[in-house]
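Below: one structure, written as structure tokens.
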Amino acid sequence: MTDPADQVSITLASTDDIPHILAMIKELAAHEHALDSVEATETSLLHTLTFAPSTTSGHTPHTNPGYAKTLILRLPTNPTPNQTPAHAGDEPGAIAGMALFFPNYSTWRSRPGLYLEDLYVRPAYRGRGYGGLLIRSLAQEVLRMGGGRLEWSCLKWNEGSLRFYEGLGARRMEGWVGLRLEGGQLEGVAEGRKIGGGGRGGGGGVEAA
């Protein structure tokens, strides 16, 4: 059986890939019934992501260090005889998926890690093992940097994805509750308007009262 890793390439996105990244962000948001929540634009991605050097685009050299990176999974541009597309209609060089990620840190382990913000494989390319290849690439990067873990979140209703992740060996963090400040609440706390009594929390997270 042909290894799917022999059929595709996974590389750090360049500025040429920005339109594709934005398109996949919107496709994923639509799948999660949240397309109206997408505020990203090509300009905002250019200013906030880190990109590999590009030799083909007309963009000026990208110097912004960015806050996150994107792996792009592509079909072969010029398939060799042992890279013949296994699916009729595949477009050579097509972008089939992406993984957008950024660093995090474990205080208990005093080791870095990676947080996977978005993992997306386009519908036409699912069932080929591409999602697993993207996660494998991230796991390899965690080990390369001497890190201790790869983390991500998944919507509770997305049982298909949860089964896939658990099949890889990932475990659900049932004892944790995700918390978020954004918009007016974020501004209120930053300005001191929302700071009041609190609770207590521990176990590697935040403890405050």
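The values are calculated or read from the model by the stated rules, or taken from the named source; none is laboratory data. Since we're looking at a predicted model, the values are computed, not measured. Here the Cβ positions follow ideal geometry from the backbone for every residue, glycine too, while neighbour counts run over all protein chains shown.
So which residues in segment 26-48 are part of a loop (DSSP other than H, G, I, E, B) and under 17 Å from Tyr120 (Cα atoms), if there are any at all? Lay out the reasoning, then the answer.
Within segment 26-48, the first condition is being part of a loop (DSSP other than H, G, I, E, B), and the residues that meet it are 32-34, 38-41.
Passing the criteria: Glu32, His33, Ala34, Val38, Ala40.
Suppose we keep only residues that are surrounded by 13 or more Cβ atoms within 10 Å (Cβ to Cβ), of a type in the set (S, T, N, Q) and within 21 Å of Val8 (Cβ to Cβ) within segment 52-91. Which one would you say is modelled with the highest pLDDT?
Thr70
Of all helices (runs of 4 or more DSSP H) completely enclosed by segment 113-204, which ones contain at least 3 residues that are at pLDDT 95 or above, of a type in the set (Gly, Ala, Ser) and under 25 Å from Ile21 (Cβ atoms)? Walk me through it before giving the result.
Numbers: elements: 130-144, 159-167, 183-190.
Where helices (runs of 4 or more DSSP H) fall fully within segment 113-204 and carry at least 3 residues being at pLDDT 95 or above, of a type in the set (Gly, Ala, Ser) and under 25 Å from Ile21 (Cβ atoms), they are 130-144.
Check off (1) exposed (fewer than 11 other Cβ atoms within 10 Å of the Cβ); (2) farther than 22 Å from Ala30 by Cα for Gly113 and give me the number that stays unchecked.
It is condition (1) that Gly113 fails.
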